[in-house]
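Participant: Here you go, one structure.
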Amino acid sequence: MAETARPIIQKITPFDAAKDYEIALTWLGSRAHANRIVICDNNTNSVVFDDTVSSFSLKHLIPAHTLSNNRKYTIEAQVYDVENIPSALSAKVLFYTFATPDFYFEDATEDFLITSSSYPAAVHYYSEDWEELGKYMFYLYDSSRKLLIQSTEMTDDHEISYTYKGLDNNTTYYVRCTGVTVNGMELDTGYTKIHVKYENPNTYARIYATPLPSQGCIQVATNLIIIQYNGTDSFDYIDGMIDLRDKTLYYDSGFLIKDDFTVIIRGINLWQTADLFKMNNGILGLTLSSRIYNDGRLRFRLMVPNGIDHYLLYSAPQVFGNEDMVTIAIRRKGNVYQLKVFVELGFTTDRGDMWYGYERPAQHLIQKYDNWINTDEETHKVSRDAFTEYLGGTEPAEAVQNDLWFGGD
């Protein structure tokens, strides 16, 4: 065996000395039949573990409780060939030992029940050795543990939290968080099973229905104001949504906002850097814009001129796809503005059935997107495929029984 041949100790991450830990070696010389490790206390340089094992495997176990936690150690290794001739000692490697920190979801026990479409998860972290948490990430898996969502890497060790959004009703998921301490100790909460079950809020609008028996129909009134577009461009409507890609829609008559207000903007294909929405009364106004940053996240910005400078509000960083429905709420109260963003992952334009009658339909009968209109007749259902919805100032000539028309002056 050449005198210059030395084994290499593979990377040692900090570990808990109260548990077994296996050292791995790399050796490029003749086949080894034994190996030896020598561990010293880094502060005193005294030997605390000197052990040799006979094995063709280039691995060596440090038994639990051989070392102490919250310490620094150095380790050297050598191997022996079939003639029991030792190699030179490897280069010294420094490593740390720490007690395994507490790292778990604070309120999520196994089979935890979530009663809404979002789950604000918080992780508890505590190290008796005062080892600081360096970075961490959250994950969401389906019932077969297929990865669905992965958060960005986070470093705030004061509040280890993440909100899972867009959870489907009557669905089982697994949540998980992994982290690494500042000295490289790896942490993992493991897979925690959660069940999502909540009551879908029905999309009941303020619609007032009056039956007209002599005409065999129902008169419907709403508190909606129909405002007309006065431009010359034509627009396409896809699944009930207006397509404004590469186009601009103007409304400049038919309404006036004098005091406090809330504006809600909903749309898809909003992953872009652009001005999205503007309001102006000739004196003051506001602009809602979006910007994609270099870190791969998007922020919405609300800019309100106040006569002297600009009033700016930014949303939290957002990550979503162009197929996701984004709802942006702008609220003014007493000249103070609020900006809030909600993302509905995997949005669908499906619509539900219509229910008419004096009794609200039973919960087990209704489906997502169903609507109920309170009338003086016995409750019955009209299938979504049996009616058409019309929106406009002129009554549609082609309407038939069960169709809906939302219109007016």
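The values are calculated or read from the model by the stated rules, or taken from the named source; none is laboratory data. Treat the numbers as computed from the prediction; the structure is a model and nothing was measured. Because the Cβ atoms are built from the backbone with ideal geometry, glycine has one as well, and the counts that use them run over all protein chains shown. We work out accessible area using only protein heavy atoms, side chains counted, and drop any ligands, DNA or RNA first. Shrake-Rupley method; radii C 1.70, N 1.55, O 1.52, S 1.80 Å.
Participant: Report the label-to-label distance for Ala34 and Lys340 in nanometres (one decimal), using points 7 Å from each Cα along the Cα→Cβ vector.
Facilitator: 7.2
Participant: Would you mind getting the accessible area per residue of the chain, heavy atoms of the protein chains only, 1.4 Å probe, in Å²?
Facilitator: Values: 25320 Å² over 409 residues.
I get 62 Å² per residue for this part.
Participant: Under a point-charge model restricted to the Cβ atoms of Lys and Arg (+1) and Asp and Glu (-1), what is the dipole moment magnitude of the stretch 45-189 relative to its Cα centre, in debye to the nearest 20?
Facilitator: Taking the Cα centre of the stretch 45-189 as origin, the dipole is about 340 debye.
Participant: Can you give me the Cα centroid spacing of the stretch 143-200 and the stretch 112-141 in angstrom?
Facilitator: Here the answer is 7 Å between Cα centres.
Participant: Could you give the length gained on full extension between Thr248 and Ser68, defined as 0.36 nm per residue of separation minus the Cα-Cα distance, in nm?
Facilitator: Full extension from Thr248 to Ser68 adds 58.0 nm.
Participant: May I pose another question? Tell me, what % of the accessible area of the chain is carbon and sulfur with a 1.4 angstrom probe?
Facilitator: Reported share for carbon and sulfur atoms: 48 percent.
Participant: Which of rounded, prolate or oblate describes the stretch 271-311 when judged by the alpha-carbon gyration tensor and an a/c cut-off of 1.5?
Facilitator: Oblate, because a/c is 1.5 or more while a/b does not exceed b/c.
Participant: Determine the dipole magnitude for the stretch 245-306: charges of +1 sit on the beta-carbon of Lys and Arg, -1 on that of Asp and Glu, nothing else is charged, the reference point is the Cα centre, and the result goes in debye to the nearest 20.
Facilitator: Here the stretch 245-306 has a charge dipole of around 220 debye.
Participant: Give me the dipole magnitude in Debye, nearest 20, for the chain about the Cα centre, with unit charges on the beta carbon: positive for Lys and Arg, negative for Asp and Glu.
Facilitator: 780
Participant: Which one, Thr155, Tyr125, Tyr139, projects farthest toward the positive side of the charge dipole computed for the stretch 113-162 from Cβ point charges (K/R +1, D/E -1)?
Facilitator: So the residue we want is Tyr139.
Participant: Please work out how much length the chain gains when fully extended from Asp233 to Ile264, using 0.36 nm per residue of separation minus the C-alpha to C-alpha distance, in nm with one decimal. Don't skip to the end; give the middle numbers.
Facilitator: Values: separation 31, 0.36 × 31 = 11.16 nm, distance 2.36 nm.
Value of the extension gain: 8.8 nm.
Participant: Here's a follow-up. Just to check, using Stokes-Einstein with a Kirkwood Rh over alpha carbon pairs, what's the diffusion coefficient of the stretch 28-162 at 10 °C and 1.306 mPa s in µm²/s?
Facilitator: It diffuses with D of about 83 µm²/s by this estimate.
Participant: Further question on the same structure: What FRET efficiency comes out for the pair Ala5/Phe49, r = Cβ-Cβ distance, R0 = 35 Å, nearest 0.05?
Facilitator: 0.90
Participant: Can you spot the aspartates and glutamates whose alpha carbon is less than 18 Å from Lys340's alpha carbon? Ignore those fewer than 8 places along the same chain.
Facilitator: Asp260, Asp275, Asp324
Participant: What relative contact order, as a whole-number percentage, does the chain give when Cα pairs under 8 Å and 6 or more residues apart are counted? Intermediate values should be presented prior to the final figure.
Facilitator: Numbers: 855 pairs, mean separation 38.9, N = 409.
Answer for the chain is 10 percent.
Participant: Take every Cα pair under 8 Å in the stretch 108-166 that's 6+ residues apart, average their separations, divide by the length, and report that relative contact order as a whole percent. Don't skip to the end; give the middle numbers.
Facilitator: Numbers: 60 pairs, mean separation 26.0, N = 59.
Reported as a whole number, the value is 44 percent.
Participant: Also: Semi-axes of the equivalent ellipsoid for the stretch 1-85, please: Cα gyration tensor eigenvalues, times 5, square-rooted, ordered largest first, whole Å.
Facilitator: Over the Cα atoms of the stretch 1-85, the semi-axes work out to 24, 13, 11 Å.
Participant: A further question follows. Anything over 29 Å Cα to Cα? Flag those among Lys135/Lys193; Lys165/Lys381; Lys278/Lys333, in the order listed.
Facilitator: Lys165/Lys381
Participant: OK, next. For the peptides 61-70, 118-127, 171-180, 144-153, what is the packing order when you average, over each peptide's residues, the other Cβ atoms within 10 Å and list the highest mean first?
Facilitator: Taking the mean over residues of other Cβ atoms within 10 Å, the ranking is 171-180, 118-127, 61-70, 144-153.
Participant: By average Cβ neighbour count within 10 Å, what is the ranking of 373-381, 101-109 from highest down?
Facilitator: Top to bottom by mean Cβ count within 10 Å: 101-109, 373-381.
Participant: List the aspartates and glutamates whose Cα sits under 13 Å from the Cα of Lys92, skipping any in the same chain fewer than 8 residues away.
Facilitator: Within reach: Asp41, Glu76.
Participant: Of the labelled options (i) 19, 30, 25, 17, 9, 1; (ii) 23, 42, 29, 5, 0; (iii) 18, 36, 25, 15, 6, 0, which one gives P(r) over Cα pairs in 20 Å bins from 0, in percent as computed for this structure?
Facilitator: (iii)
Participant: Would you be so kind as to identify which of Thr388, Ile366, Ala108 lies farthest towards the positive end of the dipole of the chain, taking Lys and Arg as +1 and Asp and Glu as -1 on Cβ and the Cα centre as origin?
Facilitator: Ala108
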